[in-house]
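Read the structure below first, then the notes.
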Amino acid sequence: MPIATVNPANGETLRTFDELGADGIERCLATAASAFRRYRTTDLPERARLMSRAADLLEEDQDAIARTMTTEMGKPLAAARAEAAKCVKAMRWYAGHAEILLADEFPSETEVKDSGAAHARVRYRPLGVVLAVMPWNFPLWQVTRFAAPALMAGNVGLLKHASNVPQTALYLEDLFRRAGYPEGCFQTLLVGSRAVEGILRDPRVAAATLTGSEPAGRSVAAIAGDEIKKTVLELGGSDPYVVLPSADLDRAVSTAVTARVQNNGQSCIAAKRFIVHTRVYDDFAERFTARMAALTVGDPMADTTDVGPLASEQGRADLEELVDDAVRRGATVLCGGSRPEGLERGWFYEPTVLAGITPGMRIHREEAFGPVATLYRVGGLDEAVELANDTPFGLSSNVWTRDREEQERFARDIEAGGVFFNGMTASHPALPFGGVKRSGYGRELAGHGIREFCNVTTVWHGADPDAS
Ligand code: NAP
């Protein structure tokens, strides 16, 4: 895939970039390794000062970087601005909390004695150079939620961003440089995915994190496994959105629309499978479909647009194939199901609702990465739980019920990294984020995220037999 900015709203190639060659990669690796040797010894107040400065600069740049993101991958401009603001918040959160999250831990006195020590503690030390392979869908946020904790922990970062968001990728390197980070602490490598193996196998790289598709995750995990290097994987999702009879249906319907079409439907944690109790199914289906059909599709720079284009022509083709397969196998199209008229130049697709989904359809098992919802009717709680879990993915889940026992049942039985009751899944700096099953492993955000790339070190002092 060429490294280029191609506007998905009209297919125009705006800028192309040369890929970094072997010499350039070698220079970046050497710079990163040397930066880590010094940066690892900085104290937390200094790291917090740098991170806070990066947050301030990003806040100033909010409008400009939002426009760049919208131009590169097509998200509505308001959503791009909100994404930048969310990154500022996460940077400030880690700047303010890292010292507590990484504070030494002390076992009880009895446990220390039992281990034969005079003193013992656990210390969180950085791992080293971490390679981040990142996707285009939240081009600023996905990187920030790696970079903020990783840099606060004393690691340094190498970013291999998706090939269609090079300007956002270069902006991030520039942001950290302007914030005053020493040279090499955060570098963007303009390389294609084929270069990842060589970089990951380099002994100067300690670990990797990848957010993206299952094939990319499998490849990076296999290479890292071969090299015995730590990885975190944030992969795809097909989150269930369960609506039970006690739900506040007005809110469940309006939130369902946002949860499905946010980011033009290209979010790993978007609600994708709508599992609705038969007692409220007809009402939900009618209202949800009417709202999906009423969304405005068009220019992502316009304030009136709800849904912009898909980020790539291939992404739209993949989505069309999933819908066509379902329709061929008997699914009913309640709205959408094709390209909107009058928007032929960009990679647009209509907000779509499909009903009558059966397990033989590809869309039942695969992730629909675009504004396409699938509707399922269930007769009771057991069936809802079973269907919610009937997916290779396990990222998050949404459940609408006011019944405490039903909530407890989902909190106990859902096979996912999150369960959100009476609301939609969203990430927050203080809450861990990540999945199980084919959605990956490891966690980002909160204390869990900052410790993923730490060397959890036991520091043990033997008792002095001469001491009284
Ligand atoms: P993708 O094709 O896997 O690309 C993601 C990144 O991986 C890009 O930088 C890409 O580089 C690189 N890449 C692709 N194949 C690779 C390989 N074999 N080895 C090494 N690197 C490789 O995914 P995408 O289409 O950009 O993103 C959509 C997917 O990401 C969806 O499945 C979505 O659910 C998932 N996602 C998950 C989360 C989460 O937190 N769980 C968040 C956002 C997105 P190139 O661009 O150069 O190909």
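The values are calculated or read from the model by the stated rules, or taken from the named source; none is laboratory data. A quick note: this is a predicted structure, and the numbers were derived from the prediction, not measured. Quick reminder, even Gly has a Cβ in these numbers, built from the backbone with ideal geometry, and neighbours come from all protein chains shown. Accessible surface is based on the protein model in full, side chains and every heavy atom, while ligands, DNA and RNA are left aside. Shrake-Rupley method; radii C 1.70, N 1.55, O 1.52, S 1.80 Å.
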*asked:* Take PRO215 and tell me if it is farther than 30 Å from GLU60 by Cα, within 10 Å of the ligand (Cβ to nearest atom), in the same structural domain as CYS454 (by TED's automatic domain parsing) and not small (Gly, Ala, Ser).
replied: yes
Checked pairs for segment 323-335, first among the basic types (Lys, Arg), second open to solvent by less than 10 Å² (accessible area, probe 1.4 Å), C-beta under 9 Å and 6 or more apart or across chains, list as ARG328/MET361; ARG329/MET361
Q. Within segment 353-363, is there a residue that is at negative phi, under 27 Å from the mean Cα position of the chain (by Cα), in contact (Cβ under 8 Å) with a residue 12 or more places away in the chain and within 16 Å of the ligand (Cβ to nearest atom)?
A. yes
Selection over segment 397-444 where residues are open to solvent by less than 50 Å² (accessible area, probe 1.4 Å) and aromatic (Phe, Trp, Tyr) yields a count of 3
Requested in this report: Restrict the check to segment 264-279 and report whether at least one residue is more than 10 Å from the ligand (Cβ to nearest atom), part of a helix (DSSP H, G or I) and open to solvent by less than 40 Å² (accessible area, probe 1.4 Å).
Outcome: yes
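Criterion first (out of contact with any Pro (no Cβ under 9 Å at 6 or more places or on another chain) and open to solvent by less than 10 Å² (accessible area, probe 1.4 Å)) does ALA147 satisfy it?
Criteria met by ALA147.
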In segment 223-247, anything touching an Asp or Glu at 6+ places or on another chain (Cβ under 8 Å), surrounded by 24 or more Cβ atoms within 10 Å (Cβ to Cβ) and either more than 29 Å from ARG260 (Cα to Cα) or among the hydroxyl-bearing types (Ser, Thr, Tyr) (or both) is listed as SER238
Of the residues in segment 262-318, those that are under 14 Å from PRO340 (Cβ atoms) and either in the same structural domain as THR211 (by TED's automatic domain parsing) or among the small types (Gly, Ala, Ser) (or both) number 5
Within segment 189-210, of all residues that are within 13 Å of the ligand (Cβ to nearest atom) and among the small types (Gly, Ala, Ser), the one most open to solvent (accessible area, probe 1.4 Å) is SER193
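Take the residues in segment 1-21 that are in contact (Cβ under 8 Å) with a residue 60 or more places away in the chain and within 26 Å of GLY128 (Cβ to Cβ); name whichever of them is least open to solvent (accessible area, probe 1.4 Å).
LEU20
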Residues in segment 166-202 that are farther than 18 Å from ALA4 by Cβ and hydrophobic (A, V, I, L, M, F, W, C) total 8
Residues in segment 104-155 that are over 30 Å from LEU58 (Cβ atoms) and within 16 Å of the ligand (Cβ to nearest atom) total 0
Among (1) closer than 17 Å to PHE36 by Cβ; (2) more than 10 Å from the ligand (Cβ to nearest atom), LEU172 falls short only on (1)
Turns out the helices (runs of 4 or more DSSP H) fully within segment 18-95 with at least 3 residues that are closer than 16 Å to GLY157 by Cα and not polar (S, T, N, Q) are 22-39, 44-60
Conditions (1) touching a strand residue (DSSP E or B) at 6+ places or on another chain (Cβ under 9 Å); (2) part of a helix (DSSP H, G or I) -> PRO309 fails only (2)
Given the conditions (1) open to solvent by less than 40 Å² (accessible area, probe 1.4 Å); (2) closer than 18 Å to ARG316 by Cα, every one holds for GLU350 apart from (1)
